[in-house]
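Only the coordinates and a few stated rules stand behind these numbers; no lab work does. All values derive from a computational prediction rather than experimental measurement. All Cβ positions, even for glycine, are placed from backbone atoms using ideal geometry, and neighbour counts span all protein chains on display.
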Amino acid sequence: MDKWQIILAASSAIILFLFGIENFSKEIQKVSGEKLRKFLTKHTTNPFKGLLIGGLMTSVIQSSTATSVIAVGLVNAGIITFRNSLGIIFGANIGTTITAQLVAFHLTNIAPYFLIFGFILSIIRIKYSFIGKSIFFFGFVFFSLNIISSTLSPLKEDPALIALLSSMDNYFYSLLAGIIFTSIVQSSSVTTGIAVILTQQGLMTLDNAIPIVIGANVGTTITAILASLNMDLPAKKTAFVHTLYNFAGVLIFTPIFFIAKPWLNSLTIPHAETLANVHFAFNLLTSIFFMIFINPFSRWAETLFKGNNEIEHLNIDFPIIKNEEDVQQGIVLMEDLLEKLIVQLKENYFLISLAIEAKEEHLLNKCKKHHRYLLFLRSELDEFCAQMAMNSADEKNGRQIIELISKIDYIYQINDSIEDLIELNDELIQKKIPLSIDSIVSIREISGNLVKLFDVLIKQNSTKKREEESFKSTQKELHTTLAKSYQKLLKIMTLIDNEEATPLARYLSVNQRLKDKMNTLQHF
């Protein structure tokens, strides 16, 4: 096989490696799905836990890029805080070193067994067939690395390639090469895997390989930055800090490398194993350093990205229900929580009304984030109520739990109507539909009266007293405003080609339904 055939075969193997990593990551996320989101939400309330989870998660899915993108997405959805996302991102850098370890210590030889087992498991119909593809692609990733190693083996005697690689005998050139190559292939595992293989084959020196794998850490952050471009401020902040963290790690590591270089070259263990260990040590020590200073680091990052798009979390710690006393405490917790939920619905309704009136996209994005967070919270509330119901034999507690479940349902019906308004606002912005002064005045009057209804509901929940008169008075005022708005709408609809007639009709209809839902909720 001549040199160009070898290069073509190696390039094909690298493409297979990329294909394997991408599909393995997708399969793992498909299998875990919503469970992964819930697991991350529950277990990343402490950054140190996030560090461990980020490391383990990346070790499993073999992609720090996927882990960091998931973390950025969860921050954008308001499900985890910016500070708690830092632990996941730091841990992801540690977890990604597993690829280099497996290659350096020749553990990839077990790849064919995973390929065969995963294939068989995916085609037979048994309980665990759904994980067959994940196992297959795990084997595929390391099988393709073995192919790369085999195809590159003849090149270790090629004088032209040796001369080319020797010409890169500059720390900063190698560092830049690692950053650029990883930015292109969007996988640090590819870069580190190939670097280890080239070191094993004697095609690359340890001095060249180390800065390449260190540079790969910086290059892999590009995906998270690209993913955050259309997201809110907290997500952009998370992606930026991920990049900053890796750059800072390089700055810290560079003088250490030049000091330790003679000692590293004097080690008797194979250079590929040394490279894998240096990669691991670099990511571990960088993560530990930043975890020690995580509070000042996160505060400094907050000052760089000032904005009001951060969602206010409810910080719920659902207790484990074991007995009737726990059930009673759970009922008190839920009543307090539902009161806070109504407050959040009021805030979100007010925001979406402002967004429709002003057609402000940043307000719309903030509403979407609130909405996504509340949707995520719904499953948590339902699970907790089910847990209380299963552990309660008391009839009074049972009635209260049923009432709570009904109340959750009506609260989320209100949330559904707010989602309808979000979709309406999306349509107004996308189609660039102008609103007349009359329409804006109607929207302002309707939203003002509905906010008053929310206030009555909130007061009723806090005082535990039925606010019948106040609610009826506010509802009557809203009814009058809606009637006037419908009259205005009829006049607007008589005009030829008036674009705002249909969206305004939808706005009035949604608010009518909101009024009815709040009326039902008021009777609980």
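May I ask which of 407/452; 431/476; 322/515; 369/432; 237/452; 346/431 have a Cα-Cα span longer than 30 Å here? Cα-Cα > 30 Å for 431/476; 322/515; 237/452; rest within.
Debye-formula intensities of segment 324-522, expressed as log10 I(q)/I(0) at q = 0.17 Å⁻¹, are -1.10 (one equal scatterer per alpha-carbon, no solvent).
The residue 406 and residue 325 beta-carbon pair, evaluated with R₀ = 22 Å, returns a calculated FRET efficiency of approximately 0.40. Paramagnetic label reach from residue 378 (point 7 Å along Cα→Cβ; backbone nitrogen cut-off under 20 Å): within segment 398-429, residues 402-426. Extension gain for residue 172 to residue 56 (0.36 nm times residue separation, less C-alpha to C-alpha distance): 38.7 nm. Here the gap between residue 358 and residue 11, fully extended at 0.36 nm per residue and compared with their Cα-Cα distance, gives a gain of 119.6 nm. Between residue 335 and residue 390, the C-beta separation translates, for a Förster distance of 22 Å, into a calculated FRET efficiency of about 0.65. Multiplying each eigenvalue of the alpha-carbon gyration tensor of segment 358-422 by 5 and taking the square root yields semi-axes of 33, 11, 6 Å, largest first, rounded to whole angstroms. Taking 0.36 nm per residue of sequence separation and removing the Cα-Cα distance, the residue 516/residue 413 pair yields an extension gain of 36.0 nm.
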